[in-house]
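See below for the structure under consideration.
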2 protein chains.
Amino acid sequence: MTAEEILTKAGVRPTHVRDAVLKRLYEAGCPLSHGEIAAHPGMKRYDRVTIYRTLYTLEGAGLVHTVQGIDGAWRFCAHPPDRTGCPGNHPHFLCLKCGKMQCLTGQRLPWVEVPERVRVKGKQLVIYGICTACGTAEERNKNK
Amino acid sequence: MTAEEILTKAGVRPTHVRDAVLKRLYEAGCPLSHGEIAAHPGMKRYDRVTIYRTLYTLEGAGLVHTVQGIDGAWRFCAHPPDRTGCPGNHPHFLCLKCGKMQCLTGQRLPWVEVPERVRVKGKQLVIYGICTACGTAEERNKNK
DNA sequence: AAAAGAATTGCAACTCAGTTGCATAAATTT
DNA sequence: AAATTTATGCAACTGAGTTGCAATTCTTTT
Ligand SMILES: [Mn+2]
Ligand SMILES: [Mn+2]
Ligand SMILES: [Zn+2]
Ligand SMILES: [Zn+2]
């Protein structure tokens, strides 16, 4: 199923930006920040605000889930629909060095007890540290 | 044990700001954002940057633990030492309406499996929604 | 097909949290 | 007391995200 069809099916008009952003997220396979998306060559011709609004539209349509990096920037993540929704209720890992985030799929978010009469709207579990790539790069540097 | 003594024991000089900020956090008993701290009457005479630096000093000394609200602002939390450290490895709840955060002590953060060779430095679990106070206020509004 | 209406995009200006550089003011050390 | 170190204040800056409004582009109606 093409990105355009997915957009239509989700009830949003398949405009250029939307198609481009959704494709970009599918290709990345990991959560991207607005900055990372906007920096991509193919995105240069769209306004930063438009990209923000596009991301929120995709989120509203249920095609994208969001997580916050502890660096203060939100990440947006989408997986093709054949991967059964990937609703986003899994932990995420953020590398403090390169800023890349990964979905830790295959694990569910834990059940958390909240005080009486508190209405829970969502939750997010972010693990942070140094990713494999950055870690080995560091090793190499030390040994030289 | 007074805040001043606690500071000294933790190896930082007990200056005015540090004493004031630590006391404020103790009194609050819940994580406060920089903004919430700076807004307090007794804090007006300190520069905002000084308050930031003070918070980082306290964090470095192990007297304060930090969590990020999904509203983009960090919270700083401290508990008197008799409460055996309260190391901060518990979930936190953030109210999207009033912005207040609460420690969900009594629950530990879950163990999370990470990819091979990833070095974990920390993790945080944030639950968000509407707190009891804001929820009941909403109810009252509906019924009038 | 033309006109009217609705949704989308671009641009400029703005907010808000946090940071950086540097000068001044304490403390500490010598 | 002088030299050195540490803490504070002030101004300017960065970076993520938001808001308002005008210009486009679609879609629907006539
Ligand atoms: Mn994810
Ligand atoms: Mn806490
Ligand atoms: Zn990395
Ligand atoms: Zn509340």
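Laboratory data are not the source of any read-out in this text; all were calculated from the coordinates shown. Remember, it's a predicted structure, so these values are computed and weren't measured experimentally. Reconstructed Cβ throughout: ideal geometry from the backbone, glycine too, with neighbour counts over all protein chains shown.
Can you give the three extents of the C-alpha atoms in the protein assembly as shown along their principal axes, from longest to shortest, in whole Å?
72, 66, 36
Find out how many positive minus negative residues lie around A:GLN107, taking Lys and Arg as positive, Asp and Glu as negative, among other residues whose Cβ is under 13 Å from that of A:GLN107.
It works out to a net charge of +1.
Rounded to the nearest 5, what % of DSSP beta bridges with both residues in chain B are antiparallel?
Numbers: 9 of 13 bridges.
In chain B, approximately 70 percent of DSSP beta bridges are antiparallel ones.
Counting only other chains, and only Cβ atoms inside 10 Å, what mean value do you get across the residues of B:71-77?
Numbers: counts 1, 4, 1, 2, 0, 0, 0.
Across B:71-77, the average partner-chain Cβ count within 10 Å equals 1.
Nearest 500 deg cm²/dmol is fine: what mean residue ellipticity at 222 nm does chain A get from its DSSP H runs of n ≥ 4 alone, each adding -39,500 (n - 2.57), divided by its residue count? Walk me through the numbers on the way to the answer.
Details: 5 runs with 52 residues, N = 144.
Roughly -10500 deg cm²/dmol at 222 nm, from the helical runs in chain A.
How much net charge surrounds A:VAL64 when only other residues with a Cβ under 13 Å from its Cβ are counted (Lys, Arg +1; Asp, Glu -1)?
On the way: positive: A:ARG18, A:LYS23, A:ARG24, A:ARG53, A:ARG75; negative: A:GLU59.
Surrounding charge for A:VAL64 is +4.
Of A:LYS142, A:LYS123, A:LYS23, how do they rank once you tally other Cβ atoms within 10 Å and put the fewest first?
Fewest-to-most ranking of A:LYS142, A:LYS123, A:LYS23: A:LYS142, A:LYS23, A:LYS123.
To the nearest 0.05, what FRET efficiency results for B:ASN89 and B:ARG53 with a Förster distance of 30 Å applied to their C-beta separation?
0.75
Compute the label-point distances linking A:PRO14 to its equivalents in the other copies; points lie 7 Å from Cα along Cα→Cβ; give nm, one decimal, shortest first.
Reported distances to equivalent positions: 6.9 nm.
Using 7 Å Cα-to-Cβ label points, what is the B:THR15/A:HIS40 separation (nm, one decimal)?
Between B:THR15 and A:HIS40, the simple spin-label model gives 4.6 nm.
If a paramagnetic tag sat 7 Å from the Cα of B:LYS97 along the Cα-Cβ line, which residues of segment B:111-136 would have the backbone N under 16 Å from that point?
So the set is B:128-136.
Step by step: find N for segment B:4-59, compute 2.2 N^0.38 Å, then divide the Cα radius of gyration by it. What's the final number? Before the final figure, lay out each step's value.
Working: Rg = 10.5 Å, N = 56, 2.2 N^0.38 = 10.2 Å.
The reported ratio for this selection is 1.03.
Kindly give Rg over Rh for segment A:10-144, based on alpha-carbon atoms, with the Kirkwood expression for the hydrodynamic radius.
Here Rg/Rh amounts to 1.02.
In whole angstrom, note down how far apart the Cα centers of segment A:20-89 and segment A:111-137 are.
19
Quick one: longest stretch of chain A between exposed loop GluC sites (Glu not before Pro), exposed meaning at most 15 other C-beta atoms within 10 Å and loop per DSSP?
Counting only loop sites that pass the neighbour cut-off, the longest clear stretch is A:1-112.
So what is the relative contact order of segment B:3-142, in percent, for Cα pairs below 8 Å that sit 6 or more residues apart?
Reported as a whole number, the value is 21 percent.
Please compute, for peptide B:23-35, the average count of beta-carbon atoms on other protein chains lying within 10 Å of each residue's beta-carbon.
Counting Cβ atoms of other protein chains within 10 Å of each residue's Cβ and averaging gives 0.
Full-extension gain between A:GLU138 and A:ALA61, please, as 0.36 nm times their residue separation minus the C-alpha to C-alpha distance. Write down the numbers at each step before the final one.
On the way: separation 77, 0.36 × 77 = 27.72 nm, distance 4.06 nm.
Contour length minus the Cα-Cα distance gives 23.7 nm.
For B:106-113, what's the mean count of beta carbons from other chains sitting within 10 Å of each residue's beta carbon?
Counting Cβ atoms of other protein chains within 10 Å of each residue's Cβ and averaging gives 5.
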